[in-house]
Amino acid sequence: MSKKIVLIIIAIIVVVGASYWVYYSKLTPKGAVEEETGEQEPLSETPDKAKFDEYFTSVSLAKLPAESEFNPFAVVKTKVFTQADQFCTSFEIKKTISSGSFGYGVLDKDSGEYARPKAVFPVELKKGGSVGCEELTYTTGKYEFKIYIDDVLTAILPFEVR
């Protein structure tokens with residue numbers, strides 16, 4: 001009798017765990033909480049929508065609170081950061097991006113200079129979700145995170161550091 005109870009409890013845990021995994025594995029930045037910045041300023045350039053649609057379902061910036069351990073399900077979609085935040089990017093990729101095709105740069109809107117010059121990511125990015133975080137290194141101001149595929153501007157994500 002006790003073995004049956006243990007098996008039932010294990011089955012319940014497995015079902016709940018699987019449900020949790022299915023729900024959160026499908027969570028994209030569209031389902032995350034977003035902080036608003038108010039009015040949107042014009043972009044410095046116009047990205048190629050056809051190229052975006054070929055490779056991405058969604059792209060967004062997000063953050064983790066300072067000193068938080070990396071957890072892709074805990075990122076909060078945002079356009080506003082503080083020096084204490086971790087700077088995160090979140091992509092829902094439709095089509096594998098070959099090694100050396102994905103590039104990005106960060107434009108400082110106030111100075112017109114690149115705070116992070118355009119660089120090519122040397123690794124293949126596979127179809128599916130991708131979230132990455134790093135220490136925030138930008139000073140107070142307004143910026144644009146620019147995404148390139150094969151040297152074609154594909155997306156611009158404006159953000160602000162306060």
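Here, each number is a calculation from the coordinates, and none is a lab measurement. Keep in mind the model is a prediction, meaning the values are calculated, not measured. Backbone-built Cβ (ideal geometry, glycine too); neighbour counts: all protein chains shown.
The distance between label points at Lys126 and Ser98 comes to 1.9 nm (points 7 Å beyond Cα on the Cα→Cβ vector). Full extension of the chain between Asp108 and Glu41 gives 22.8 nm of extra length, using 0.36 nm per residue less the Cα-Cα distance. Of the GluC sites (Glu not before Pro) in region 69-162, the ones in a loop by DSSP (not H, G, I, E or B) with at most 11 other beta carbons within 10 Å are Glu69, Glu113.
Spherically averaged projected area of the convex hull of Cα atoms, region 29-161: 7.7 nm². Spin-label model, Thr137 to Ser68: label points 7 Å out along the Cα-to-beta-carbon direction sit 2.2 nm apart. Among the listed pairs Lys63/Lys126; Lys77/Lys118; Lys49/Lys109; Lys79/Lys142, those with a Cα-Cα distance over 20 Å are Lys63/Lys126; Lys77/Lys118; Lys49/Lys109.
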